[in-house]
Structure formats: structure tokens, C-alpha cells
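Okay, structure first, notes after.
No value in this document is a laboratory result; all are computed from the given coordinates. Everything numeric in this text was worked out from a predicted model, so none of it was measured. We place every Cβ from the backbone using ideal geometry, glycine too, and count neighbours over all the protein chains shown.
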Amino acid sequence: MQPVLQQSHRLLLSAPSVALRHSNRSHVLPHRILRLSSWCQRSQQLKITASPSKVPRLNKMSTSASNISVVQRGSLNSLDYRLYFRNENGPISPFHDIPLRAAGSGTAPVFNMVVEVPRWTNAKMEIATADALNPIKQDVKKGNLRFVANCFPHHGYIWNYGALPQTWENPGHIDTSTGCKGDNDPIDVCEIGGRIAGRGALLQVKILGCFALIDEGETDWKLLAIDITDPMADKLNDIGDIEKLMPGYLRATVEWFRIYKIPDGKPENQFAFNGEPRNAAFALDIIEETHKAWKGLVSKELPNTTGLSLVGTTDQNSEFNMSLKDAEGVVAGNPEAGSPAPVDPFVDKWHYVTVNPNGQ
């Protein structure tokens, strides 16, 4: 039976076990399952301030991406909103032109992460993989802008959420560990540090592990990472460190992904490995696989069957390379930046969701 919305005000928590495997040992966590009502209330709109044009500077390591900035076109909360990326020469693609590995990281598991959604916000922003230069824009369904529901007690996204550049989850490849095809997007990242990052920020992150979400029959890897400038970064090195230093965070992450689509009338999401996270070494292998797939995509060794835009501006040897003049034209072809459009206040309402722990 699918999860349903209840009419009572009761909160019932049950706790089947979720094992965390890392290195040579395991931790066992309770997996909280919510049994909640559909009574709703409003929460105060959360506001995040960030520069509209300049991405926060990176520390600890020099990187060729440190001079990247973003340029807004259109108005936030509207269909014409776009966030384009630039380097010192002109427009670039965050999908294809930003390097996967942070410059100067050597063999350390440090990667560039493009932030699409700041923590605590609801607008479902993503790199537009089918649009030239792949700006960030808000996802649209049936002509309406998408906002994730606040499934109590989670308000909006509970991490800084984004993607690793130069990765691709191949929809033509069945993953041997999940038995499902890729979701046709760059690999997703949940950055769990203490700061709220700005939309379009470029972070250098250390990979700690991953979950394997199965979203409508597709493998949708969710990396767990920490900004290397975060005060906790030196103490977080693998998946078990998260539960040790941030108890409940892994459980909340599984819960969030399981239930966030239920208020939209969709069933509970599922996970491979019974919802157990994989460790950093496993996650690094997945990153390398998706990076290899991206290389195959842009070299035409793998077919582009879904109309992805492969245009970039930094690889002069690529047949998809666009001149800077043409790239400036793409950006200029959008409306000028405007003030945010109003949002339906019920985007802020609470949804109380029931999930049957026995799946019946």
C-alpha cells in the first residue's frame, strides 16, 4: 500500500534498524518512520542572502575555477529565471567546462560542486542539461514551477544540494549494483556542512559516502560531502564519521528522500542496499564511473539519445565548442534580471506524511 496523508495530529515513530557499512566495521541506526497527519501550518519564509553575481571564493586549495561568477537573467520564482556561469573570458557551462576535480587536490577525494539549491529553500533548481550553456533554472512540471514540500519536520532541502560537473548517469547503462539505469543527469551531492551556500556557489568538497536512491525505476546516486573549509571537515572522512559526529543526519537524509514526493501524490521512493549508505571508497568509484560516462558522451562514444546540450566554451578541440561571441549571445537572449516574483504562501505549509514501516 502506498503512503497516505492522515487526518489526525498524532506523531508515531518506529525504529527498524539501518546498518552503516564503512571500512571494516558497521554501525546500526534506528530508521525513523513518520506516522503523521495532513494538518498543516505555515512557517516563516526563510531568507538567504548571497551575492547575485560573485560565487564565494574558495580557500585551502588554488583552483582554476576560483574566478567563476554567475549572472542572473529573468526573475527568481518565474519561468524565465536563469543563472549563467562565467569565467574571466566569458560564459561557460557548469556541466561541461568546470573541472570535476578541484585544482591542487592531487589524489585527495576533493571535487568541485555546483550548488543548485541552498539549504532550507524549497525551489527545485537544477542545471538545465538540455539548454545551451546549461544554466541553473527552476524545474517545471505541467507548466508550473516546482517547489519541494515541507514534510515535517524537514523544511525545504536539508543540505546544500547540487551536482558534480563533468559527470553523467548514463540512462543506457544498467548499474550492476542497483540493477537500474542512470537518471540522465550529473551526479547529485548533498553537502552537509554548517554554512548555507548561495545558489550557483562553487564549493570544493570532500566525499564521505553515498546513498543509492531508486527514483521511478532509475538509479539516482546521492553523494554525501563536506565543504573542505567547514570547521568539521578535518573530522569527517568517511560515512561512519557522520553518524558519530552528526547523529541522526543519515537517518534524516533517508527519510527526506523517501517521503518528499508523497505530498505530490507519488509513492514513497525506494533505495538500493535497503537504504544503507555506502562508504567513501565506494562513492569514489561511482564518481569515476559517471565521469567516464560523461567523457563518452561528449566524445560521441556514447549516444546522446535525450537531447542533452553538450555545448561548452573551453575545449577548443571539441566539435561542441561554442565561440565566446555566440555564448554571449545566448546569455543576452534572455530577459534582464528582475525582482523576485511573488510565491504562493502555501509553499511554506507543513505536510504530515504516513509511511508504513512494513510496506503494507
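Descriptive notes on the structure:
- With a threshold of 22 Å on the Cα-Cα distance, the over-threshold entries among Lys137/Lys300; Lys141/Lys261; Lys235/Lys292; Lys222/Lys300; Lys222/Lys266; Lys137/Lys261 are Lys137/Lys300; Lys235/Lys292; Lys222/Lys300.
- Ranked list, fewest to most other Cβ atoms within 10 Å of each Cβ, for Cys210, Cys190, Cys180: Cys180, Cys190, Cys210
- Only Lys, Arg (+1) and Asp, Glu (-1) charged, at Cβ; segment 55-347 dipole about Cα centre in debye: 540
- Cα shape, segment 55-347, gyration tensor, a/c 1.5 rule: rounded
- Global form of segment 245-356, assessed from the alpha-carbon gyration tensor, a/c cut-off 1.5: oblate
- Residue exposure proxy: Glu191, Glu319, Glu218, ordered by other Cβ atoms within 10 angstrom of their Cβ from fewest to most, comes out as Glu319, Glu218, Glu191.
- Karplus-derived HN-Hα couplings along segment 239-252 (A = 6.51, B = -1.76, C = 1.60, θ = phi - 60°), whole Hz, x at Gly and Pro: 4, x, 5, 5, 5, 5, 9, 9, x, x, 5, 5, 4, 5
- Relative exposure of Met232, Met113, judged by other C-beta atoms within 10 Å (fewest first): Met232, Met113
- Pairs beyond 31 Å (Cα-Cα), from Lys181/Lys206; Lys142/Lys349; Lys206/Lys349: Lys206/Lys349
- Cα gyration tensor shape for segment 291-358, rounded if a/c is under 1.5, else prolate or oblate: oblate
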